[in-house]
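Engineer: Here you go, one structure.
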Amino acid sequence: MDTLTHAVSGALLARATAPRAPRPGGITTGRRVAAGFAAAAFPDVDWALSLVSTEAYLLYHRGATHSILLLPLWAALLAWIFARLDPARPGWRAYFGVAAGSLAIHIAGDLITSFGTILLAPVSDRRFALDTTFIIDLWFTGIIVAGLAASLVWRRSRVPAAAGLAALAGYVGLQALAHGAAVDFGREYARAQGLAGASVSAVPRPISPFNWMVVVAHGDEYRYAFVNVVRRTAPPPPGPAAGLVARLDAAYAPRAQAVWQRAERFGPAASRAEVLAAWQAEPLAFFRWFAAYPVLARIEAGNPVRCIWFRDLRFLTPGRAGWPFQFGVCRSPADAGWTGFQLIGDAIRLPLR
């Protein structure tokens, strides 16, 4: 989720759990909501890792600050800061609950995306992802904002905020049902194609909770299709003047009209040995850990430098220009090993640090 959505979700939770009247030595509802907003935004301070390097960002973003094991520590720290900023000096314990709840709703908001989060840092670097929600979901954000707006109208009641949270949970439940339908569609395709042992997954896509990229992994091959699980007719192709929403939504066909595409993880057989060697090169260790659906992007045969580039199908979004997180390795015939690079666009190479 984007940081603003996280922040307003913390504010909504803080309002929904606020006591009807502040306890003696407690905090006001306004300060509670402000603390929820700030605490729910806090875990994304690890965005600063992108200033170090992209690989540091991919390795550690949604790590320590998003850990359920470290949540009590962060909650205590934030509660102490909020208490110090409060002129009434209520003590850090008064803020601990709202800080902990806001951190928890941030972690939950990232858990439901396909990017996932490292819940057990620093004990484990395993990423957990429920794959129900696209990383920027305007419906999701809109429900939260509507709940907060209603809370401003009915200031004395917690009901609007609680209703907003209930609607949000219902929306994610709807997405989970759509995710199941998308996976079932992929399984039907795998059975029809005789792909025994294939792994089927579905990645949420933008604009609609019913838009999905269904991925069938079989050996070193991916087969994937962009579908809308409730649509009965395909949307018209976007014209030259089409807006962003129309361009992003146009690729998702009804299941009956799905077009399956193929991608080789390591490319054609003639170059597979070299591509495998590049994929196993030490500079790409972080990307091997991070990528969910790694595929060969291209082989760049220069003179004398030769580069092999990889990308992650998880970030394939029809209607959006460019492709994030492309990495590769290069070497010349005289080189003993590979040198790692990030590819920006089609031509800009940044050395890996």
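Engineer: Taking the conditions exactly as written (more than 14 Å from the chain's Cα centre (by Cα) and among the aliphatic types (A, V, I, L, M)), does I112 satisfy them or not? I'd like the intermediate steps shown before the answer.
Structural biologist: Numbers: more than 14 Å from the chain's Cα centre (by Cα): no; among the aliphatic types (A, V, I, L, M): yes.
In short, no.
Engineer: Right, next: Give the residue that is nearest to R349 (Cα to Cα), with candidates limited to residues of segment 294-318 that are in contact (Cβ under 8 Å) with a residue 60 or more places away in the chain and buried (at least 18 other Cβ atoms within 10 Å of the Cβ).
Structural biologist: Residues of segment 294-318 in contact (Cβ under 8 Å) with a residue 60 or more places away in the chain: 295, 313-314, 316-318.
With buried (at least 18 other Cβ atoms within 10 Å of the Cβ) added as a condition, the list becomes 295, 313-314, 316-317.
Details: V295: 19, L313: 20, R314: 22, L316: 20, T317: 22 Å.
Applying the filter and picking the extreme gives V295.
Results for (1) over 30 Å from V329 (Cα atoms); (2) assigned by TED's automatic domain parsing to the domain that holds R126; (3) buried (at least 18 other Cβ atoms within 10 Å of the Cβ), shown as yes or no for each residue.
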site: F37; (1), (2), (3): yes, yes, yes
site: L49; (1), (2), (3): no, yes, no
site: T54; (1), (2), (3): no, yes, yes
site: L58; (1), (2), (3): no, yes, yes
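Engineer: How about segment 1-97: which helices (runs of 4 or more DSSP H) wholly inside it have at least 1 residues that are of a type in the set (D, E, K, R) and without any contact (Cβ under 8 Å) to a residue 60 or more places away in the chain?
Structural biologist: Values: elements: 3-16, 29-41, 54-60, 71-85.
Helices (runs of 4 or more DSSP H) meeting the threshold: 29-41, 71-85.
Engineer: What single numbered condition from (1) within 25 Å of the chain's Cα centre (by Cα); (2) of a type outside the set (V, I, T); (3) assigned to a loop (DSSP other than H, G, I, E, B); (4) buried (at least 18 other Cβ atoms within 10 Å of the Cβ) fails to hold for G267?
Structural biologist: Failing condition for G267: (1).
Engineer: Ok, one more. Considering only segment 170-179, I want to know if a residue exists there that is buried (at least 19 other Cβ atoms within 10 Å of the Cβ), over 22 Å from V8 (Cβ atoms), of a type outside the set (A, V, I, L, M) and modelled with pLDDT of 95 or more.
Structural biologist: yes
Engineer: Within the group A99, A104, A64, which residue is surrounded by fewer than 18 Cβ atoms within 10 Å (Cβ to Cβ) and within 17 Å of A18 (Cβ to Cβ)?
Structural biologist: After applying the criteria, what remains is A104.
The values are calculated or read from the model by the stated rules, or taken from the named source; none is laboratory data. Computed from a predicted model, the values in this text were never measured in an experiment. Counting neighbours? That spans all protein chains shown, and the Cβs are built from the backbone with ideal geometry, glycine included.
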